[in-house]
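See structure below.
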Amino acid sequence: MSRIAVFWVMWMVASAGAQVVISEIMFYPDTLAAYTEYVEIYNAGEMPVSLEGWRIGDSLDLDTLQPVSGEWWLAPGQFGVILDPGYFGGADIYDTRIPDTARVFTIEDARFGRYGLPNNRPLTLFLVTADGDTVQQVTYVADNSPGFSEEKIHLTADNRPENWGNGRVFRGTPGSINSLSPKPYDLAIADVERLTPTVWVGEPVDFRWKIINRGMRPATQYRMVVFWDNNLNGQLDPADAAFPVENQVPLNPGDSLQVSFSVTPDAAGLRYLGFFLEYPADQDTMNNLIIQELVVEDPQVELIINEIMFEPQSGYAEWIEIFNAGNRPVNLRYYRLSDFRDTVSFAPVDDVLPVGAYRVLGGDSAILWQYTVAPERVQILPRFPTLNNDVDELSILSPAGRVLDRVRYFGDWYGREVEKGTSLEKIHPRLSGQDGENWAASVASSGSTPGRQNSVYVELLPPAMQVRIHPNPFSPDGDGREDFTIIQFQVPVETAYAQIVIFDLAGRRIRQLVKDQPVAHRAQFVWDGRDDHGRLARTGLYICLIQVRNEQKKLFREARATVVLVKK
């Protein structure tokens with residue numbers, strides 16, 4: 001062979017060597033870190049390359065490669081995996097992941113570079129030929145999670161930072177195409193966007209997303225499926241409610257298709273909606289599924305705070321009682337209680353509160369024997385907030401954080417001197433919990449009524465066009481029966497300002513019950529039978545004057561009604 005021919009062969013081999021690239025770096029293994037680091041290389045050229053005498057390492061120490069099978073050559077398009085010497089006999093986590101088509105190497109030294117591959121700081125790796133030529137220089141950024149490698153995206157491009165990224169496959173892709181590298185066939189779903197701000201049960205929710213052809217060849221024969229992940233396993237199963245999305249069109253490489261679809265949730269609470277792209281030819285299915293969490297609100301839920309034990313007897317537990325005043329059962333799992341400091345979930349698992357049912361919430365299981373209440377009506381919350389005796393604010397929050405009921409109670413809401421162990425009870429569940437007039441001290445002999453109707457309960461009549469007062473007569477003598485009367489009225493406007501004054505038959509003012517109080521077109525107020533000085537009024541007939549003013553505070557409606565106060 002002539003000198004020119006020999007030179008030409010040597011030049012071709014050297015040129016081929018320059019096409020060997022570092023394609024993946026596992027610098028932060030999830031286990032046995034001393035043994036399970038690896039570096040992947042790839043022959044991106046058209047000539048086979050012998051790696052005999054080649055070295056890899058950092059700026060302080062280069063380690064000579066050694067073939068595990070005795071074969072030095074790396075064929076065009078072939079991957080090589082360089083494993084830490086300690087892997088052999090010390091670990092096996094990559095044995096089934098490295099394909100037979102890949103060449104496996106190790107290094108003569110005990111570790112990569114001087115100190116191994118650090119996972120908390122950048123490092124530059126060098127790949128050097130037997131002649132001392134540096135054919136690769138790669139600096140990785142140490143921002144990967146344990147078990148996820150640094151991958152080169154386009155193997156034939158240079159090593160600029162934007163051509164590298166965090167791999168998407170746990171324990172990497174040693175000896176095979178990288179998870180970030182383009183495949184011949186690869187469809188992806190991306191940019192799933194919910195267009196409906198608040199999600200309500202029984203109401204359509206609009207979504208849109210993109211289907212992108214990230215592969216290098218046209219994509220056909222694929223379909224899109226939206227499904228409720230009912231068993232919460234993160235995949236489409238026959239048991240899941242699925243909705244095929246029609247009208248999918250062929251996509252050329254780099255093209256995308258925007259898709260719109262609507263689904264209607266049939267249950268409230270925390271739901272999971274899956275978006276699945278089914279494409280049999282796909283070579284990367286990791287980007288074919290997106291699961292979105294939806295907080296579904298139920299507008300008909302009416303959970304209210306009905307009784308509060310904020311100052312129990314010494315050694316006894318605090319608690320509150322809630323009541324389902326709506327027309328459908330409520331799964332308490334998705335609702336929360338909050339006060340000035342803390343927020344806590346009602347139940348860790350499914351717990352359905354029937355219509356018209358009570359539930360006692362507390363933080364101490366002693367409630368079960370300290371109070372007369374059925375165990376099935378008690379829910380113990382480990383992080384139940386400490387209730388203040390002077391003032392505190394309690395709220396019931398919906399799954400999305402909407403306030404369903406709020407009570408800012410004060411110690412003087414009892415309305416009389418009470419002993420410790422007396423609860424604060426709502427007169428009627430449907431009255432506003434923010435008005436102290438709608439609360440009173442329990443008159444039960446035990447001091448409270450957890451899990452059952454309150455001792456100060458007053459029956460409400462439906463509102464009418466005329467003023468209605470009920471009960472009438474009433475007897476505010478503290479026996480728990482008809483101690484309060486409710487004054488109801490309806491006005492033909494959206495909002496107004498109300499004034500209610502109680503007079504005796506001589507025309508003397510007994511009680512200014514309401515003054516310029518904003519009200520809706522329906523309103524009700526409670527009179528406890530006391531005058532402006534807090535003294536119990538005498539037995540007899542009283543005149544209730546109701547004046548309603550418009551937004552300009554001008555009088556436009558006035559009505560009078562009589563109420564009888566008796567003592568039994």
Amide H contacts of Leu123 (H built 1.01 Å from N, under 5 Å, at least 5 apart or other chain): Tyr140
Cα long-axis angle, helix 3-17 against the chain (0 to 90 degrees, to the nearest 10): 10
Computed over segment 3-166, the ratio Rg/Rh where both radii use C-alpha atoms and Rh is Kirkwood: 0.96
In sequence order, calculated HN-Hα J values of segment 21-27 (Karplus, 6.51, -1.76, 1.60; Hz; x Gly/Pro): 10, 7, 10, 7, 9, 9, 9
Inverse mean reciprocal Cα-Cα distance (Kirkwood Rh) of segment 468-565, Å: 13.8
Separation of the Asp516 and Asp266 label points, Cα + 7 Å toward Cβ, nm: 5.5
³J(HN,Hα), Karplus 6.51/-1.76/1.60, whole Hz, each residue of segment 264-279, x for Gly, Pro: 10, x, 9, 8, 7, x, 8, 10, 10, 10, x, 10, 10, 9, 9, 9
222 nm mean residue ellipticity, helices alone, for the chain (DSSP H n ≥ 4; -39,500 (n - 2.57); rounded to 500): -1000 deg cm²/dmol
Top positive-direction residue, dipole computed over the chain with Cβ charges, set Gly356, Leu565, Thr372: Leu565
Estimated FRET transfer efficiency when R0 is 22 angstrom, pair Ala506-Leu536 (beta carbons, to 0.05): 0.75
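Send over the per residue convex hull volume for segment 269-336, Cα only, as a whole number of Å³.
In segment 269-336, the Cα convex hull volume per residue is 140 Å³.
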Relative contact order [Cα under 8 Å, 6+ residues apart], segment 187-297, whole percent: 36
Size of charge dipole - segment 187-297 - debye, nearest 20, with Cβ of Lys, Arg +1 and Asp, Glu -1, no other charges: 340
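Based on other C-beta atoms within 10 Å, arrange Leu536, Leu232 from fewest to most.
Lowest count first: Leu232, Leu536.
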In sequence order, calculated HN-Hα J values of segment 435-443 (Karplus, 6.51, -1.76, 1.60; Hz; x Gly/Pro): 9, x, 5, 8, 10, 7, 5, 4, 10
The chain - percent relative contact order, Cα under 8 Å, separation 6 or more: 7
Farthest toward positive dipole pole in segment 303-441 [+1 Lys/Arg, -1 Asp/Glu at C-beta], among Val418, Asn327, Leu397: Asn327
Potential lengthening between Val68 and Arg194 on full extension [0.36 nm per residue; Cα-Cα distance subtracted]: 40.1 nm
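Computed over the Cα atoms, what is the radius of gyration of segment 187-297 divided by 2.2 N^0.38 Å, N being its residue count?
After normalising by residue count via 2.2 N^0.38 Å, the value is 1.08.
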Simple Cβ-charge dipole of segment 387-480, Lys/Arg +1 and Asp/Glu -1, about Cα centre, in debye nearest 20: 420
Principal axis dimensions, largest first and in whole angstrom, of segment 303-441 by Cα: 40, 31, 28
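Cut-off is 10 Å between beta-carbons; in what order do Lys420, Lys152 appear when sorted fewest neighbours first?
By the 10 Å Cβ count, ascending: Lys420, Lys152.
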Dipole in debye (nearest 20) - segment 468-565, about Cα centre, beta carbon charges: Lys, Arg +1; Asp, Glu -1: 360
Two-decimal Rg to Rh for the chain - Kirkwood Rh, Cα set: 1.24
Phe489, Phe340 arranged by Cβ crowding within 10 Å, fewest neighbours leading: Phe340, Phe489
Chain lengthening between Leu545 and Asp435 when straightened (0.36 nm per residue, less Cα-Cα): 37.5 nm
Formal net charge of residues neighbouring Thr264 (Cβ-Cβ distance under 11 Å; K, R +1; D, E -1): -3
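Read-outs: derived from the displayed coordinates by stated rules, not from any lab. What you are looking at is a predicted structure, and each value in this text was computed from that prediction instead of being measured. Because the Cβ atoms are built from the backbone with ideal geometry, glycine has one as well, and the counts that use them run over all protein chains shown.
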